[in-house]
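Here the structure is laid out as structure tokens; the discussion comes afterwards.
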Amino acid sequence: MRHSDNNNWSNSVFCMKEKKWFNVAAIVLGVVFVILVGVLSFFIVHNAEWLIGDDAILINKTGWGTPFSIWTTIQPESGRFFPLAYMHENIVLLFPGEMHSVAQHYVLNMILFILLALALLKTLWLTIKPEKIVDLFIVLISVILCLSRFFITYCNVFSTVYLYLTMTGIVILCVMQYYTTRKKVYAVVPTILFAYLVFCGECVFIAPLALGVVTLLFGYKQLSKEQKIFNICIVSVPVLFLLVYFFGIYLQKTPESLYDPSHGTGVTFFENALKIIKGQKFLILAALVWGIRQIALITKKDSYHVLYDSFLWTAGAILLGGLILKLDWHLYYYSAMLYALPSVVFFGKKYFKEIPLLIILVLFAILYSYKVPRVIQTNQKDRIKHKEFVTYIVDQHLQGQKIVWHETVTNDTTSFDLILRNWKRNAL
């Protein structure tokens, strides 16, 4: 008995020490997380300045104190329909001042970036449920991996993808919370966010459509009545969008209208697919995990997971949908990475075990994070350069100098140089 008591006492002491080191590691890595997010957030707002180009969209609206209207981004003749894409920028009009500075717009970006970081942290914590120090490292490295990849979209205001990424992160977290807690608020929030997001871009409907359909199709028997209703609701959102788009926009589109030539019309499907897949290496890992899962499900060695299997299918649908539309900007596929990450971590721990999974995640984190200093340096340089450029023009104008816009004539209306030139004139 004494020998048994000694063993129990030794085990108890070992568990206490292990828990103590776990708590210490959690605090240290938590501090690292705060510092990382703090530094990146600082450079989102530091030397904030308009970059002459697509920033013209904001300069000519909220930059001058004019609110965005849904009608600005409804263009039936060219097949464009994203009425809510810029609505969030109207928040800056709540800030004081007659002319709303670029700094106010970047503060909004910074807030969205911090919200994404917190959503990712909570999502991955729920995914892996840390019990060991290695689990904590998996969570932190996964967050670093994503933030490093997405950072460039938040230190620019030429695209509203930053809003989409943050809301997608919140949607994923709420869906996970709903299946875990079954609290109705976690079903209402993602449904509302999906309803908002699908009207922010024509291809956004793919995510809620895929998530709802595959969950109902493959996980129907596992769902409660409320969960089935939830998935039907999120499917109804893209269906409504498609009906509105088809009858209100697509049928009104003029035959001669062209989509923006900078978005994939000049490449073949396979050329674009090769380019995107080469640049979205993390999705190759997700595809590998998806393949392992299909083998496990087909051989009936495992059952369908209504969360993580559905997320993998959704990531694949976003990738395939973007390739079909020949979208050639990598940022259009970032949301696929958000959906895939929890699944890769969850199934990676199951099939690869913790240490191999951590090594894989570290390699991807290095792949994306080593570019961040260069992104910051280039972005800061561009901000300073454009500020000096505009300041020089203003000074010369105040001195009575005549300002002339000179451009050469070209017959190529799809030339990217011509498009960029027009944006610069519009912004300046």
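Quick look at the numbers
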read-out: Principal semi-axes in Å for the stretch 68-220 [√(5λ), Cα gyration tensor, largest first]; value: 29, 22, 14
read-out: Share of pairwise Cα separations in the stretch 14-137, more than 18 Å, in percent; value: 66 percent
read-out: Dimensions (Å) - the stretch 141-279, Cα atoms, principal axes, largest first; value: 48, 43, 29
read-out: Rg/Rg_ref, the stretch 115-198, where Rg_ref = 2.2 N^0.38 Å and atoms are Cα; value: 1.18
read-out: Rounded tilt (10° steps) of 269-279 against the dominant C-alpha axis of the chain; value: 60 degrees
read-out: Rg/Rg_ref, the stretch 140-187, where Rg_ref = 2.2 N^0.38 Å and atoms are Cα; value: 1.41
read-out: The stretch 283-380, Rg to Rh (Cα coordinates; Rh as Kirkwood inverse mean 1/r); value: 1.04
read-out: Order by protection proxy (mean Cβ within 10 Å, highest first), peptides 274-284, 112-122; value: 112-122, 274-284
read-out: Heavy atoms of Leu209: accessible area, 1.4 Å probe, square angstrom to 10; value: 50 Å²
read-out: Among 372-382, 137-147, 47-57, 333-343, the order from most to least packed when residues are scored by Cβ within 10 Å on average; value: 333-343, 137-147, 47-57, 372-382
read-out: Residue-averaged 222 nm ellipticity for the chain, from DSSP H runs of 4+ at -39500 (n - 2.57), nearest 500; value: -23000 deg cm²/dmol
read-out: Whichever lysines have a C-alpha closer than 29 Å to that of Lys371, once near sequence neighbours (fewer than 8 apart) are set aside; value: Lys122, Lys275, Lys278, Lys281, Lys326, Lys349, Lys353, Lys381, Lys385, Lys387, Lys424
read-out: Heavy-atom accessible area ranking, 1.4 Å probe, most first, across Tyr370, Tyr164; value: Tyr370, Tyr164
read-out: Dipole of the stretch 348-402, positive direction: furthest Cα of Leu398, Leu357, Leu367, with charges on the beta-carbon; value: Leu357
read-out: Surface accessible to a 1.4 Å probe, per residue, for the residues of the stretch 111-241, Å²; value: 38 Å²
read-out: Carbon + sulfur, % of accessible area of the chain - ligands and nucleic acids excluded, 1.4 Å; value: 68 percent
read-out: Fully extended contour minus Cα-Cα distance, from Lys281 to Ser101, at 0.36 nm per residue; value: 61.1 nm
read-out: Two-site FRET efficiency, Asn47 against Lys300, from Cβ-Cβ distance with R₀ of 51 Å, rounded to 0.05; value: 0.30
read-out: Computed accessible area, Phe241, all protein chains, 1.4 angstrom probe, square angstrom; value: 0 Å²
read-out: The chain, relative contact order [Cα under 8 Å, separation at least 6], %; value: 23 percent
read-out: Cα centroid separation, the stretch 179-215 to the stretch 270-325 (Å); value: 19 Å
read-out: Helix 185-197 vs. the chain, principal-axis angle (Cα, 0 to 90°, nearest 10); value: 30 degrees
read-out: Kirkwood Rh (inverse of mean 1/r, distinct Cα pairs), the chain, angstrom; value: 23.9 Å
read-out: Angle in degrees between helix 354-369 and the longest Cα principal axis of the chain, rounded to the nearest 10; value: 10 degrees
read-out: Global form of the stretch 166-218, assessed from the alpha-carbon gyration tensor, a/c cut-off 1.5; value: oblate
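The values are calculated or read from the model by the stated rules, or taken from the named source; none is laboratory data. Values in this document were obtained by computation on a predicted structure and should not be read as measured data. Don't worry about glycine lacking a Cβ; one is built from the backbone with ideal geometry, like all the others, and counts go over all protein chains shown. When the accessible area is computed, the model is the full protein with side chains, heavy atoms only, and any ligands, DNA or RNA have been set aside. Shrake-Rupley method; radii C 1.70, N 1.55, O 1.52, S 1.80 Å.
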